[in-house]
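**Q** Structure incoming, see below.
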Amino acid sequence: MSVDLDQAAIDLLKRNDRGGYTVPTARLYPYQWNWDSAFCALGFASFDRNRAWQELETLFEGQWDDGMLPHIIFRRDDPDYFPGPTVWQTGTTPPTSGHSQPPVLASIVKRLLDSQESNDEEQRGHTLFPKILAWHRWYHHARDPHNLGLVATMHPWETGRDNSPEWDAAMANIDVADLGDYQRRDLAHSTQDERPRSYDYDRYLTIVKFGRECGWDSNEIAARGPLWVADPGINMILLRADRDLLMLAKQFNETTAASEIETWITNSEAGIDRLWNQQVGGFCALDLRTDKHADGLSNASMLAFYAGAGTSQQQQRMNTELRRISDSVRYLMPSWPATHTAFEARRYWRGPIWAMMNFMLAQGLQESGDTELSQRLRKDTCTLIQQSGFHEYYCPLTGDGCGGDDFSWTAAIWLAWASPAQQHST
Ligand code: DGY
């Protein structure tokens, strides 16, 4: 069974390969996405090391002069996707979207180098190093202009967790009156009740309109953008990625870079505490315009374990909450607690399980000493894929596959971590 699934995962990655880069899935997402590519590289690494590095190298072809690594590279026009390059109007070559995505890439490079098979890989990692450094620097400056030690996000698409209830209050404040007509394409490829609502799309596009009209100027975005929220996902992933980048800096003898990264880490360790919400017992999204916390714990809140963030007391409290959340679902880890009124079992980031989030969370739990929960996450991910195939996400109550199918990062996570073969080897 799993040998067949191993081969199926390899075939899927090859099928979604568009020549040096991989699409998340055909039709629904027909371009190169930032964090999707990073996870795809992990999958490729299990059978084609060269192709793994290539996935990361092609992604940096879209890097902006200021260091920003965009969330989508539009390599060719595709009528299946909206909003395409003509809506974003970033004026870049190749055409890209106008904001970034969670910076998992440094941690993936570190992982590739930890298992490297030739010196050539060390060289390729070193060539990427200054580009990743520039991207992290961009995050710490453009998204944290007041040096809070907390990076903000301008768009739910930047968080990668588009319709999480974490942004509900901030999104409700966005005035969409001037938006005009548009036509979604995603609903032609996925079921409506598993996708964000039109209400959300109106706001997504209003933010894009703002970005376009200010020429994607980061100062304008920080000062007046319709959304300015600190996401626990991006902040935890960035802190982890900075720690991994620091180890790479030391490995490559990049001493000046190492001190710069150390400063970022110290700042973030302190700044992240502002995300702590004592009422719900964890790190929550914080609307930096209103200074209000979200009122629930997402799977991204739990990435505090992965980032090594928080005091031991805070970690203990989160572990208690995590166990409480686990008790209310059949499979881990729901993107939003099933006991919260905003929970929707099948709607994208309002409940469903995501394999790559499970991968990061399990790693964090293992490192924090909770082997039992870490193993449960891995087993559940394996079971979901065995039962339902390589879906975009899964219902935490039934295990049904939801969203897009034939999904690249799910196949990659299978190959790198969730398959029985991986479970026995690591
Ligand atoms: C989409 O189009 O649904 C994406 O999540 C945007 O990145």
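The values are calculated or read from the model by the stated rules, or taken from the named source; none is laboratory data. Just so it is clear, the model here is predicted, and its values are computed rather than measured. Glycine gets a Cβ as well: all are built from the backbone with ideal geometry, and neighbour counts include every protein chain shown.
**Q** Output the residue which, of all residues in the stretch 166-177 that are more than 16 Å from residue 83 (Cβ to Cβ) and part of a loop (DSSP other than H, G, I, E, B), is nearest to the ligand (Cβ to nearest atom).
**A** 174
**Q** Continuing with this model, one more query. Give the residues of the stretch 116-130 that are charged (D, E, K, R) and either buried (at least 17 other Cβ atoms within 10 Å of the Cβ) or part of a loop (DSSP other than H, G, I, E, B) (or both), sorted by residue number.
**A** 117, 121, 124
**Q** Identify all residues within the stretch 324-358 that are closer than 13 Å to residue 380 by Cβ, part of a loop (DSSP other than H, G, I, E, B) and of a type in the set (A, V, I, L, M, F, W, C); write none if there are none.
**A** 329, 332, 333, 354
**Q** Still on this model: Looking at the stretch 330-373, which of the residues that are of a type in the set (A, V, I, L, M, F, W, C) and in contact with a Cys (Cβ under 9 Å, 6 or more places away or on another chain) is surrounded by the fewest Cβ atoms within 10 Å (Cβ to Cβ)?
**A** Among those that are of a type in the set (A, V, I, L, M, F, W, C) and in contact with a Cys (Cβ under 9 Å, 6 or more places away or on another chain), it is 345.
**Q** Quick check on this structure: which one of 62, 19, 84, 91 is closer than 28 Å to residue 207 by Cβ, away from the ligand (no atom under 15 Å from the Cβ), of a type outside the set (S, T, N, Q) and over 17 Å from the mean Cα position of the chain (by Cα)?
**A** After applying the criteria, what remains is 91.
Here is a yes/no grid of residues against (1) part of a loop (DSSP other than H, G, I, E, B); (2) without any contact (Cβ under 8 Å) to a residue 12 or more places away in the chain; (3) touching a Ser or Thr at 6+ places or on another chain (Cβ under 8 Å):
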position	(1), (2), (3)
179	yes, no, yes
190	yes, no, no
199	no, yes, no
203	no, no, no
223	no, yes, no
240	no, no, yes
248	no, no, no
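**Q** For residue 42, are the conditions met, namely being more than 13 Å from the ligand (Cβ to nearest atom), closer than 20 Å to residue 356 by Cβ and in contact with a helix residue (DSSP H, G or I) (Cβ under 6 Å, 6 or more places away or on another chain)?
**A** Here the answer is yes, as residue 42 does meet what is asked.
**Q** Going residue by residue through the stretch 182-203, is there one that turns out to be farther than 25 Å from residue 80 by Cβ and not polar (S, T, N, Q)?
**A** no
**Q** What are the residue pairs meeting all of these: first residue in the stretch 153-165, first residue more than 9 Å from the ligand (Cβ to nearest atom), second residue assigned to a helix (DSSP H, G or I) and polar (S, T, N, Q), Cβ atoms under 6 Å, and 6 or more apart or on different chains?
**A** 153/159
**Q** While we're on this one: So, residue 113, is that one assigned to a loop (DSSP other than H, G, I, E, B), more than 16 Å from the ligand (Cβ to nearest atom) and more than 30 Å from residue 345 (Cβ to Cβ) or not?
**A** The answer is no for residue 113.
**Q** Just a yes or no: is a residue in the stretch 291-299 under 29 Å from residue 172 (Cα atoms) and assigned to a strand (DSSP E or B)?
**A** Yes, that holds for at least one residue.
**Q** So which of 252, 210 ends up being modelled with pLDDT of 95 or more and touching a His at 6+ places or on another chain (Cβ under 7 Å)?
**A** 252
**Q** Can you tell me which of (1) within 18 Å of the chain's Cα centre (by Cα); (2) charged (D, E, K, R); (3) within 16 Å of the ligand (Cβ to nearest atom) is the one residue 55 doesn't meet?
**A** (3)
**Q** Checking the condition surrounded by fewer than 22 Cβ atoms within 10 Å (Cβ to Cβ) and under 22 Å from residue 90 (Cβ atoms), which residue from 203, 143, 197, 212 passes?
**A** That would be 212, the only listed residue that is surrounded by fewer than 22 Cβ atoms within 10 Å (Cβ to Cβ) and under 22 Å from residue 90 (Cβ atoms).
**Q** Among the candidates 150, 128, 113, which residue alone is within 28 Å of residue 393 (Cβ to Cβ) and in contact (Cβ under 8 Å) with a residue 24 or more places away in the chain?
**A** Within the list 150, 128, 113, the selection yields 150.
**Q** Residues in the stretch 248-258: is at least one of a type in the set (A, V, I, L, M, F, W, C), surrounded by 19 or more Cβ atoms within 10 Å (Cβ to Cβ) and touching a strand residue (DSSP E or B) at 6+ places or on another chain (Cβ under 9 Å)?
**A** Scanning the stretch 248-258, I find no residue that is of a type in the set (A, V, I, L, M, F, W, C), surrounded by 19 or more Cβ atoms within 10 Å (Cβ to Cβ) and touching a strand residue (DSSP E or B) at 6+ places or on another chain (Cβ under 9 Å), so the answer is no.
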